[in-house]
Amino acid sequence: MATTKKLTSAVLRERKGKGEKIAAVTAYDVAFARLADRAGVDVVLVGDSLGMVVQGLPNTLPVTLDEMIYHCRMVARGAQHAQVVADMPFLSYQVSIEDGVRAAGRLLKEGAAEAVKLEGGEEMTELVARLVSIGIPVMGHVGMTPQSVHKFGGFKVQGRTDEQAQSIIAGARALANAGAYALVVENVPPSLAAAITQAIPIPTIGIGAGPSCDGQVLVMHDLLGLDPDWSPRFARRYAELGKATIAAFSAYVDDVRSGDFPSDKESAR
Ligand code: KIV
């Protein structure tokens, strides 16, 4: 059962090595944030994946800071217990430290986020240290970082070569040293995720990275089967809400057309 006490970055950070895995899921509005929170999810991530699963775009690059703030505000209203983490969208933090501080600050101030997540390794450490120094908890994100989709030539597994793997481990260490409290590790071989988890003192939260991470995160659409026809190979479908929703909509259509809905009880008195 979920309790009403808010989870903080310090509490999540302390879970490392204690055997209590972190369960994270994305959400983009108050309804699903409430449901995830009631289910006992630890972290609700307002992912820039909203560009793909909510807006229907081919990647996350066009998502704006204002859009992230809008969705974050809704999610924050539904999360009584879970920590609300907001993704920093592409180009809101890569140009300058000042841009990054302002963007992260807006996500907390206007979006009511409790931490921000940003993609990248060693090149992000100056920004991470600055954000942490002014009181903004930062979750890192390494491996297959979706904002670099064009560099990778698609959403492909990263860290297969020794050189890539060493660079990802070095990035993970640098982020932890800079003060990040947790690290998403996406779409890397399980052996590399295990090596990263061993190498750093903060929790790793895996997605498509095998079972050795200190926690897991899934996009809610994949977990709930909201797309009836597709989900990534690494996701587990815990429900078939896409199929159930089509069935409910088509039963409604039938009832409207046949005159079965509304009944007397469903009409004003
Ligand atoms: O944007 C997102 O939803 C994410 C998760 C896939 C980790 O970054």
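For the stretch 69-83, the set of residues classified as away from the ligand (no atom under 16 Å from the Cβ), under 17 Å from residue 109 (Cβ atoms) and open to solvent by less than 60 Å² (accessible area, probe 1.4 Å) consists of 76 only.
Checking 214, 222 one by one, the residue that is of a type in the set (Asp, Glu) and within 26 Å of residue 14 (Cβ to Cβ) is 214 and no other.
Every test in (1) closer than 26 Å to residue 18 by Cβ; (2) buried (at least 22 other Cβ atoms within 10 Å of the Cβ) is passed by residue 107 save one, and that test is (1).
Just checking: which of the helices (runs of 4 or more DSSP H) contained wholly in the stretch 168-269 hold 3 or more residues that are surrounded by 19 or more Cβ atoms within 10 Å (Cβ to Cβ)?
190-199, 220-223
Within the stretch 32-68, being among the β-branched types (Val, Ile, Thr) and buried (at least 23 other Cβ atoms within 10 Å of the Cβ) holds for 41, 43, 44, 46, 63.
Once the stretch 134-154 is narrowed to residues that are β-branched (Val, Ile, Thr) and in a loop (DSSP other than H, G, I, E, B), the residue that is nearest to the ligand (Cβ to nearest atom) is 145.
Report whether or not residue 103 is free of Cβ contacts under 8 Å to residues at least 60 places away in the same chain and either under 23 Å from residue 144 (Cβ atoms) or out of contact with any helix residue (DSSP H, G or I) (no Cβ under 7 Å at 6 or more places or on another chain) (or both). In short, yes. With respect to the conditions (1) under 19 Å from residue 221 (Cα atoms); (2) open to solvent by less than 50 Å² (accessible area, probe 1.4 Å), residue 88 lacks only one, and its number is (1).
Filtered by the rule that a residue be within 19 Å of residue 49 (Cβ to Cβ) and among the β-branched types (Val, Ile, Thr), the stretch 115-153 gives 116, 138, 142, 145, 149.
Checked against the criterion of being in contact with a helix residue (DSSP H, G or I) (Cβ under 9 Å, 6 or more places away or on another chain), away from the ligand (no atom under 14 Å from the Cβ) and touching a residue at least 24 places away in the same chain (Cβ under 8 Å), the stretch 52-59 has no qualifying residue.
Only one of the numbered conditions (1) under 17 Å from residue 105 (Cα atoms); (2) free of Cβ contacts under 8 Å to residues at least 24 places away in the same chain is violated by residue 126, and that is (2). Residues in the stretch 91-104 that are among the hydrophobic types (A, V, I, L, M, F, W, C) and open to solvent by 20 Å² or more (accessible area, probe 1.4 Å) were compared, and the one that is nearest to the ligand (Cβ to nearest atom) is 91. Number of residues in the stretch 142-157 that are surrounded by 23 or more Cβ atoms within 10 Å (Cβ to Cβ) and closer than 21 Å to residue 66 by Cβ: the value is 0.
For the stretch 122-141, the count of residues that are in contact with a Pro (Cβ under 9 Å, 6 or more places away or on another chain), open to solvent by 20 Å² or more (accessible area, probe 1.4 Å) and at pLDDT 95 or above is zero.
The values are calculated or read from the model by the stated rules, or taken from the named source; none is laboratory data. All values reported here derive from a predicted model rather than from experimental measurement. Because the Cβ atoms are built from the backbone with ideal geometry, glycine has one as well, and the counts that use them run over all protein chains shown. For the accessible areas, the whole protein counts, side chains as well, though only heavy atoms, and no ligand, DNA or RNA atoms are used. Shrake-Rupley method; radii C 1.70, N 1.55, O 1.52, S 1.80 Å.
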